[in-house]
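The values are calculated or read from the model by the stated rules, or taken from the named source; none is laboratory data. What you are looking at is a predicted structure, and each value in this text was computed from that prediction instead of being measured. We place every Cβ from the backbone using ideal geometry, glycine too, and count neighbours over all the protein chains shown.
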Amino acid sequence: SLYDEDLAALALAQTGGELYEAVLLLRAWRTTQPRLQVAEPVEQDTLFTHRRISAAFKDIPGGQVLGPTLDYAHRILATDVLQGETYAPDPVEPAANPSPAYQPSVSAWQAENDLLESPADDPTKGNDIPDLTREPLLFPSKRAHTLQSLARAETGGVLALGYSAMRGYGQAHPTVNELRLAEAEIAVTHPDGRQFSAGRVKVSQAEVVDKKGEKLGIGYAATFGWNEVKCIAAATLDLNSPGAEKGSPTEAEFFLYHTEGVESSGFCIHFKLPHYVTFQSSLDAMRDAKARKAGQSKSSDMEPAE
């Protein structure tokens, strides 16, 4: 996968802000680049954490870290900027006792206390992790493919299906176990065996839970950048996908296919391309049916009365 804020900004500028075209540009560009190395998987407690909150508990191991958020901002449009005034947010004041940069996982603490029905262990490691950019998405999908697909899914689509499961057409009512905005180390291994960090990328992740029998079921989602609403909605879909009804918003095949932004936008937009032949064929069929119906009606009128 590709994560580059500068290239993303360039793609958006080049496409005039058309998000789907920008994503398509980036994916096409990515295919031209060599793959130099495969990064090692990272654990949650190795993430450099900027924000970490839980709606399930007031106090969690490591503490709540409010961090950067618009949750408590005034929803007032800064129209003064249009008059030429400079807008600058108040400077951040460092705390006397800064929170730890690395935080444990809330779900790990729950598992230790036998509260959590953890997903089955996946023994796949390193280079053996399947890559959705190289392998097709098949169903039933691999766990790695599901999480990768949700990670790059279209935010609006994920939100719409997640919301439909929460409110309109499902019984999903998740509790946010943990929401985290962080930076993940890109850990790669040198040919001589030494492991080092090649940089960091911004990541968001969410764990949501719901009662499943005598324990808590858990849903998980993560994505590049800081995108809280997408992670919560995606984790809700993940939580409710096992045993989901065919064709429901929480069925994996349904939400994975319908949140692939490039494919869905491409299919939708192709309808504006010339369809003269197929449409003319439909018109010919309609005219032929109309002519046959008119002929049958005329023949019926000419039949002698008994």
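Values as computed for the structure displayed
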quantity: The range 221-237 residues that are modelled with pLDDT of 90 or more, paired with ones that are part of a helix (DSSP H, G or I) and hydroxyl-bearing (Ser, Thr, Tyr) (beta carbon under 9 Å, 6 or more apart); calculated: Ala221/Thr236; Thr223/Thr155; Asn227/Thr155; Val229/Thr155; Lys230/Thr155; Ala233/Thr155; Ala233/Tyr163; Thr236/Tyr163
quantity: Tally of residues being farther than 26 Å from Ser105 by Cα, buried (at least 17 other Cβ atoms within 10 Å of the Cβ) and charged (D, E, K, R) across the range 208-265; calculated: 2
quantity: Filtered residue count, the range 174-230, keeping only those that are farther than 15 Å from Arg52 by Cα, of a type outside the set (Val, Ile, Thr) and touching a Phe, Trp or Tyr at 6+ places or on another chain (Cβ under 6 Å); calculated: 1
quantity: From Leu2, Leu47, residue being under 21 Å from Thr223 (Cβ atoms), surrounded by 10 or more Cβ atoms within 10 Å (Cβ to Cβ) and at pLDDT 90 or above; calculated: Leu47
quantity: In the range 196-214, the residues that are touching a Pro at 6+ places or on another chain (Cβ under 8 Å) and not charged (D, E, K, R); calculated: Val208, Val209
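Conditions (1) over 22 Å from Glu154 (Cα atoms); (2) of a type outside the set (Val, Ile, Thr), marked per residue:
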{"position": "Thr259", "(1), (2)": "no, no"}
{"position": "Ser264", "(1), (2)": "no, yes"}
{"position": "Pro274", "(1), (2)": "yes, yes"}
{"position": "Leu283", "(1), (2)": "yes, yes"}
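Per-residue answers, yes or no, for (1) part of a strand (DSSP E or B); (2) closer than 19 Å to Arg167 by Cβ; (3) not assigned by TED's automatic domain parsing to the domain that holds Ala165:
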{"position": "Phe196", "(1), (2), (3)": "yes, no, no"}
{"position": "Gly217", "(1), (2), (3)": "yes, no, no"}
{"position": "Thr223", "(1), (2), (3)": "yes, no, no"}
{"position": "Glu245", "(1), (2), (3)": "no, yes, no"}
{"position": "Phe254", "(1), (2), (3)": "no, yes, no"}
{"position": "Tyr257", "(1), (2), (3)": "no, no, no"}
{"position": "Phe279", "(1), (2), (3)": "no, no, yes"}
{"position": "Gly295", "(1), (2), (3)": "no, no, yes"}
